[in-house]
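Here's the structure, in structure tokens; my notes come after.
The values are calculated or read from the model by the stated rules, or taken from the named source; none is laboratory data. All figures in this text were calculated on a predicted structure; none of them were measured in a lab. Methodologically, a virtual Cβ is constructed for each residue, glycine included, from the backbone with ideal geometry; neighbour enumeration extends over all protein chains shown. Note: accessible area is taken over every heavy atom of the protein model, side chains too, but ligands, DNA and RNA are not part of it. Shrake-Rupley method; radii C 1.70, N 1.55, O 1.52, S 1.80 Å.
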Amino acid sequence: TIEPESGELGPDQAVELSFGFTSENEVTLRNNKDIQCIVLEPKTGKVEETFDVPIAAKSVFSAFRIQPSRGVNFGPVKFDSSHTKTIEIKNDSEFPFSFELVSMTELQERQEALKEEE
């Protein structure tokens, strides 16, 4: 979105244009020239000049890695003994994210609750 998309400026006036970017997919724009500014003569509407407004943007999803990738395998554990295993989750993305370990039952309950809210 661009606000405002058009206007009129008098001598020595300036206007601040606001550009918004939203993406539902991973996108990389470099020196994108899909937006142009047209300078018009206000009385005649004659195009006096046009110029590109270069846009750069990048949208990314959270990326992570779990090690070991095969998950937690306790193997044989002697009765009445305790065994500890670890996994590592690594944030490979450009932004922080939160994580939470939940049971499948709790996950299903949360998903159902979200569907009911829609």
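In the context of the full set of protein chains, residues of the chain present 94 Å² of accessible surface per residue (probe radius 1.4 Å, heavy atoms only). Remark: region 36-47, residue by residue, has Karplus-estimated 3J(HN,Hα) of 10, 9, 10, 9, 10, 6, x, 7, 9, x, 5, 6 Hz, where x stands for each Gly or Pro and the curve is 6.51 cos²θ - 1.76 cosθ + 1.60 at θ = phi - 60°. Rounded if a/c is under 1.5, else prolate if a/b beats b/c, else oblate: with a ≥ b ≥ c from the C-alpha gyration tensor eigenvalues square-rooted, which is region 51-92? Verdict is prolate for region 51-92. Across the options Val39, Ser23, Phe61, the greatest Cα extent toward the positive end of the charge dipole of the chain (unit charges at beta carbon of Lys, Arg, Asp, Glu) belongs to Phe61. Reported to the nearest whole Å, the Cα centre-to-centre distance from region 71-92 to region 28-50 is 61.
Shown here for region 63-96: chymotrypsin sites (Phe, Trp or Tyr not before Pro) in loop regions (DSSP other than H, G, I, E, B) with at most 11 other Cβ atoms within 10 Å, namely Phe74, Phe79. Over region 1-53, what percent of the accessible surface lies on carbon and sulfur atoms, probe 1.4 Å? Carbon and sulfur atoms account for 46 percent of the accessible area of region 1-53. With the whole protein complex present, Glu41 retains an accessible surface near 70 Å², based on a 1.4 Å probe.
Under the combined filter of DSSP loop state and at most 10 neighbouring Cβ atoms within 10 Å, region 60-118 retains these trypsin sites (Lys or Arg not before Pro): Arg70, Lys78, Lys85. How much net charge surrounds Gln111 when only the other residues with a Cβ under 12 Å from the Cβ of Gln111 are counted, with Lys and Arg +1 and Asp and Glu -1? Cβ neighbours under 12 Å give a net charge of -4. What the pair-distance distribution of the chain shows, using all Cα-Cα distances binned every 10 Å from zero, is 9, 20, 21, 16, 13, 10, 6, 3, 1, 0 percent.
Dipole magnitude for the chain: about 920 debye, using +1 per Lys or Arg Cβ and -1 per Asp or Glu Cβ, origin at the Cα centre.
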